[in-house]
Amino acid sequence: MSLWQMMIEGGKRLFDSDGPDEPAPCDGGCAPDPNDVGFTAAVIGLSAKMAAADGRVSDNEVMMFSRIFRAAPEDANNVRRVFSIAQQTVRGYEAYARKIGRRYSDRPCLLEGVLDGLFMIAGADGVVTQDELQYLETVSDNFGFDKATFRRIRASYLGPERDDPYHILGVAPDADFSAIRNAYRRLMADNHPDRIVGNGAPREFELAAHDKAAAITGAYARIRAERGLIATN
């Protein structure tokens, strides 16, 4: 059975089940459980509904999904089929966002990688609508992230908040520099692409991890410059 067939079959089982999910054993890494087709199907379902949140699915959104999940060119038709099936069979995205949120509650870096991918799909057609933002925030809530975490992730990708380095680092504008430095070090430790991949995260999260690390580093550099500080470690 091909990967895409596994995704389709896993999606049918997941989307037709409303039962509770037991938390997955935590291994301290960023990877889903091996052969967890339900997780894969949930990510596809969330991605498909993300693309459709503004009322239509654009070619750019499907292409971004394929890029994030590294689908081969010959799989293009299957990608569209998976999206179509997910849109037809998913009864409510909140239910399966909660499902994988509960299952992987001890692996926030994995859940954040999923949310990163959804942000990239949302922006693939050049604009993120209010409906898409509401969708993203609801998924974040169901993943168990607080408002500050969502604001930080959102700031890494969107609009004028992208220019606010304090939001990107998740600190208050009046925070002292030691708190800012500690926040920067913690975020880079958690989000460095080498660490994300080294901890077992799926390779498809590497692209988003590079973008996020660049945003974090840029925010820290801007705060140092604004405060007239020389480069420090």
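The values are calculated or read from the model by the stated rules, or taken from the named source; none is laboratory data. Model, not experiment: these values are computed from the prediction. Note that each Cβ is placed from the backbone with ideal geometry, even for glycine, and that neighbours are counted across all protein chains shown. Just so you know, the surface numbers come from the protein's heavy atoms only, side chains and all, with ligands and any DNA or RNA stripped out. Shrake-Rupley method; radii C 1.70, N 1.55, O 1.52, S 1.80 Å.
One table, with the values for the structure above:
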quantity: E204, E74, ranked by accessible area, largest first (probe 1.4 Å); calculated: E74, E204
quantity: Region 119-233, relative contact order in percent, only Cα pairs under 8 angstrom and at least six apart counted; calculated: 21
quantity: Order of exposure, largest accessible area first, which applies to H192, H167, H210 with probe 1.4 Å; calculated: H210, H192, H167
quantity: With every protein chain in place, region 83-213: carbon and sulfur % of accessible area (1.4 Å); calculated: 47
quantity: Expected-Rg normalisation [2.2 N^0.38 Å, Cα atoms] applied to region 124-197; calculated: 1.21
quantity: Area accessible to solvent at S140, 1.4 Å probe radius, in Å²; calculated: 0
quantity: Largest to smallest accessible area among M50, M63, M188 [probe 1.4 Å]; calculated: M63, M188, M50
quantity: Sum of side-chain charges, A179 neighbourhood, beta-carbon under 15 Å (Lys, Arg +1; Asp, Glu -1); calculated: +4
